[in-house]
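Computed from the coordinates by the stated procedures, all read-outs in this text should not be read as laboratory data. This is a predicted model, so every value here is computed, not measured. A quick note on method: Cβ atoms are made from the backbone with ideal geometry, for glycine too, and the neighbour counts reach across all protein chains shown.
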């Protein structure tokens, strides 16, 4: 992790985060610190509250209680679109690309959004073509330069997820939230995506929900384990994997 005086900079934090749904407490008293240059995993059994925490951090859901800070600013009541413009970007568990556009155009669309061009339909093609070098650079960074002219819908599942990471990176986020980035992938695609995440985390923070604990063990600097909406344990992989409460929560899975 990059650091000042060996202390990593916290870029996204939550304190006392809570969310109630008509009397049901989905998330309760969650504290979280995500550091620049680090990869932080949010794990837990199904129904533990991981996606709800993501929705709270990105402001898709308002918290019932607690405080959220992004880059030192209180965003607890900030609209989601403004939070995104401040540098918090999220990719979803289900791939969100334009299947009938080329791979290159998918990234150009994302770059247009970042630069405020998505509502300026009168801009000339020449101006939009100015985004092509950056789009190609992003495609090279994720290994998709060979597919630039291919329709996104024709990509394999794994490469669609890689394209989604590229379009998210087009927003130039300071904090990148990844929801199940390796879900449904074969071994080769998992390895590719793992290395991409490792690379992009060098100059930003990454928070990811991930069920593949081999990926978590290999990739993540810090892990927060949720159970029934509360923090069960937190630490590096070795620390949480030796916690008996975590072992019980995962019903004795061999990975933990």
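Key figures
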| read-out | value |
| --- | --- |
| Peptides ranked, highest mean first, by Cβ atoms within 10 Å: ranges 12-22, 161-171, 222-232 | 161-171, 222-232, 12-22 |
| Peptide ranges 99-105, 37-43 listed from the most packed, as the mean C-beta count within 10 angstrom indicates | 37-43, 99-105 |
| Linear extension gain, residue 20 paired with residue 46, 0.36 nm per residue minus alpha-carbon span | 7.6 nm |
| Translational diffusion of the chain, µm² s⁻¹ [Kirkwood Rh, Cα pairs; Stokes-Einstein; 20 °C; 1.002 mPa s] | 113 |
| Separation in nanometres of the label points that stand 7 Å from Cα toward Cβ, at residue 145 and residue 236 | 3.5 |
| Rounded D (µm²/s) - segment 9-109, Kirkwood Rh over Cα pairs, Stokes-Einstein at 10 °C, 1.306 mPa s | 106 |
| FRET efficiency, 1/(1 + (r/R0)^6) with R0 35 Å, evaluated for residue 100 and residue 71 via beta carbons | 0.45 |
| Spin-label model distance (nm) - residue 211 vs residue 81, 7 Å beyond Cα toward Cβ | 3.4 |
| Rounded to 10°, Cα long-axis angle of helix 132-141 versus longest principal axis of the chain | 40 |
| Rounded D (µm²/s) - segment 143-256, Kirkwood Rh over Cα pairs, Stokes-Einstein at 10 °C, 1.306 mPa s | 102 |
| Contact order normalised by residue count of the chain, Cα under 8 Å, 6+ apart, percent | 27 |
| Crossing angle, helix 157-169 versus the chain [Cα axis fit, 0-90 degrees, rounded to tens] | 80 |
| 0 to 90° range, to nearest 10: angle between helix 187-200 axis and the chain longest Cα axis | 90 |
| Förster radius 41 Å - calculated FRET efficiency between residue 247 and residue 188 (Cβ-Cβ, nearest 0.05) | 0.85 |
| The chain: calculated mean residue ellipticity at 222 nm from DSSP helix runs of at least 4, using -39500 (n - 2.57) | -9500 deg cm²/dmol |
| Segment 38-79: C-alpha gyration tensor shape, a/c 1.5 cut-off, then a/b vs b/c | oblate |
| Residue 134-residue 113 pseudo-label distance in nm [points 7 Å out on the Cα-to-Cβ vector] | 1.4 |
| Between segment 39-64 and segment 189-229, the alpha-carbon center distance in angstrom | 15 |
